[in-house]
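The values are calculated or read from the model by the stated rules, or taken from the named source; none is laboratory data. On a predicted model such as this, the values are computed, not experimentally measured, just so you know. Note: accessible area is taken over every heavy atom of the protein model, side chains too, but ligands, DNA and RNA are not part of it. Shrake-Rupley method; radii C 1.70, N 1.55, O 1.52, S 1.80 Å.
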Amino acid sequence: TKSRNLAVGAFLSFVLGFGLFASVFVFPIFTQRILGFSAEQTGWLLLPGALASGFMMPIVGRMLVAGVPQKAMLPFGFGVFFIFTFWMAARISPVAGEADFFWPLILRGVGLGFIFMPITTMSLAGLQGRDAGQAAGLTGMIRQLGGSFGVAIVGTYLERSLVQNSLSQYSNISLYNSETVARLQAFTQNFMARGFSFQQAQQQAYAAMNGLVMKQVSLITYSQVFTSLGIFFLACLPLILLIKRNKPGEKMDMNAAH
């Protein structure tokens, strides 16, 4: 039971690190590149979710002490994180503001609180002294490893998806398309009204059209990234079935857990 729970806990720690770091990696890029937020604005926006996660830790700890099994808490935490990712995907738009992301990020913090503590206690249950310390170090290292993989994989997926989605969108734009021509003419007339020559206005119109397409491509891509993160978490849920309940009297070294 101990070795199985430690193995499952280690893998779930990897999943936790993957989702934690990947979501923190993607969100600031989106808000600063697409919405024009400053680094300070993004930091303040992430703060309430982090506080919510910290607030949930002692509550979840008391629930574990009271006998609530990890098998019940982990699916809830994974489910909450899944809802967060799809909520974020739905909120991504060119007019999104800080208020649109406040509650999804709070939900993320709550979900991570219900994942972090149960994984830690499950991995260390029944271990004492040196063994508990080594197990805590192992799960912590694997969580950091999962975060590194998450940032690398999501970063690569983001760049490749941007290219694929841009090719898909540009295939719909043509001078033989009436909507495209109408939009370019509107842009051209708008720039000419500002004092540009016809040639300059036409160049500005093409640049404006390109910027419009790329912004739409970016919105689609970031939405896909959050959706994929949610599906990944949902796909890992069956692993929870491998968790074995600890025998009566088995305790965890709480000092090692911290």
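Worth a mention:
- HN-Hα J in Hz across segment 80-90 - Karplus 6.51, -1.76, 1.60, θ = phi - 60°, x for Gly and Pro: 5, 5, 4, 5, 4, 5, 6, 5, 4, 4, 6
- Projected onto their three principal axes, the Cα atoms of segment 143-247 cover extents of 81, 27, 18 Å, largest first.
- To the nearest ten degrees, helix 98-124 and the longest principal axis of the Cα atoms of the chain are 30 degrees apart.
- Averaging over all projection directions, the Cα-based convex hull of the chain occupies 16.0 nm² in the image plane.
- P(r) weight above 21 Å for segment 13-101, C-alpha pairs, percent: 40 percent
- Carbon plus sulfur fraction of accessible area for the chain, probe 1.4 Å, in percent: 63 percent
- When the chain is treated as a GNM with alpha-carbon contacts under 10 Å, the residue of G67, G17, G133 showing the greatest mean-square fluctuation is G67.
- Scaling the Cα radius of gyration of segment 113-156 by the globular reference 2.2 N^0.38 Å produces a ratio of 1.38.
- Whole-Å distance, taken between Cα centres, linking segment 154-176 and segment 34-98: 30 Å
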